[in-house]
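The values are calculated or read from the model by the stated rules, or taken from the named source; none is laboratory data. Bear in mind the structure is a predicted one, so any value in this text is a computation, not a measurement. Virtual Cβ from ideal backbone geometry, glycine too; neighbours counted across all protein chains shown.
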């Protein structure tokens, strides 16, 4: 099953 | 602002994703952006001064508890005008509904600093411009069988699919379909997203609103639309196999 990832896994953010 | 009821939709939408927000006010208007507590979604809003019937402001950061703001906005009646007024002395934001008389709510300001969070500038291969109602209904359909949805672009079609343990749902939109305003397909792509988040993001959308969706392959989704002159942008991290 798929897993929820965070935006920080894609961008330097916050 | 002309219609308090319209602005209520904006506050309804952002308050489902965020607990608090820091409005950055300047002569140009109001903007704010923040990530939800789990850092899965980003909400960004921009209200140009032109969206207001009257706008007088200099630079301020106004931190607000969105639960309280939502409760107040839920008291807005149709034909109420909305006045937002900063009382620097009392450190309060006054929310005034003006109609046959004036009703004033004073919200305590939170000591928040403006977020450094910005919507990253990414190129997306695919852009879907779709009638908000059609997209929202398809999400509700998908929600019957699953807690996440697969958004796909292939062969000039936009697909919304949900797979349950036993039952499946699929919606298909072609370029010529009435629900599609524009479909730019650069490459086939598919990403999966949590349905609760997606449905929260379109909470304030009603018929007549148009949504712009940027889609890549296992990439965060970007969504843009305007409500009551407020430009909203959302990013949502995908679910990945």
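Yes/no matrix, rows are residues, columns are (1) away from chain A (no Cβ under 14 Å); (2) touching a strand residue (DSSP E or B) at 6+ places or on another chain (Cβ under 8 Å):
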| position | (1), (2) |
| --- | --- |
| B:159 | yes, yes |
| B:179 | yes, yes |
| B:196 | no, no |
| B:206 | yes, no |
| B:225 | yes, yes |
| B:231 | yes, yes |
| B:234 | no, yes |
Task: Any pair with Cβ under 8 angstrom, 6 or more apart, that starts in the stretch B:41-68 at a residue that is without any contact (Cβ under 8 Å) to a residue 24 or more places away in the chain and ends at one that is surrounded by 13 or more Cβ atoms within 10 Å (Cβ to Cβ) and not in a loop (DSSP other than H, G, I, E, B) - done: B:49/B:29
- [ ] Could you grab me the full set of residues in the stretch B:121-156 that are without any contact (Cβ under 8 Å) to a residue 24 or more places away in the chain and within 14 Å of chain A (Cβ to nearest Cβ)?
- [x] B:121, B:123
Open item on the list: Under 6 Å between Cβ atoms, which residue pairs at least 6 apart in sequence (or on different chains) link something in chain A that is closer than 13 Å to residue B:191 by Cβ with a partner that is modelled with pLDDT under 90 and loosely packed, with under 15 Cβ neighbours inside 10 Å?
Closed with: A:2/B:241
Task: Count - residues of the stretch B:70-87 that are over 13 Å from residue B:7 (Cβ atoms) and either out of contact with any strand residue (DSSP E or B) (no Cβ under 9 Å at 6 or more places or on another chain) or without any contact (Cβ under 8 Å) to a residue 12 or more places away in the chain (or both) - done: 3
Task: Residue tally, condition within 14 Å of chain A (Cβ to nearest Cβ) and either touching a helix residue (DSSP H, G or I) at 6+ places or on another chain (Cβ under 6 Å) or outside any strand (DSSP E or B) (or both), over the stretch B:17-35 - done: 2
Open item on the list: Looking at B:57, B:76 in this structure, which one is outside any helix (DSSP H, G or I), touching a helix residue (DSSP H, G or I) at 6+ places or on another chain (Cβ under 7 Å) and either more than 14 Å from every other protein chain (Cβ to nearest Cβ) or within 17 Å of residue B:233 (Cα to Cα) (or both)?
Closed with: B:76
Open item on the list: If I ask for residues that are facing chain A (nearest Cβ under 7 Å) and closer than 24 Å to residue B:84 by Cβ, which ones from the stretch B:36-45 would you list?
Closed with: B:42
Task: Which listed residue is at pLDDT 95 or above, surrounded by 14 or more Cβ atoms within 10 Å (Cβ to Cβ) and under 15 Å from residue B:109 (Cα atoms), from B:55, B:69 - done: B:69
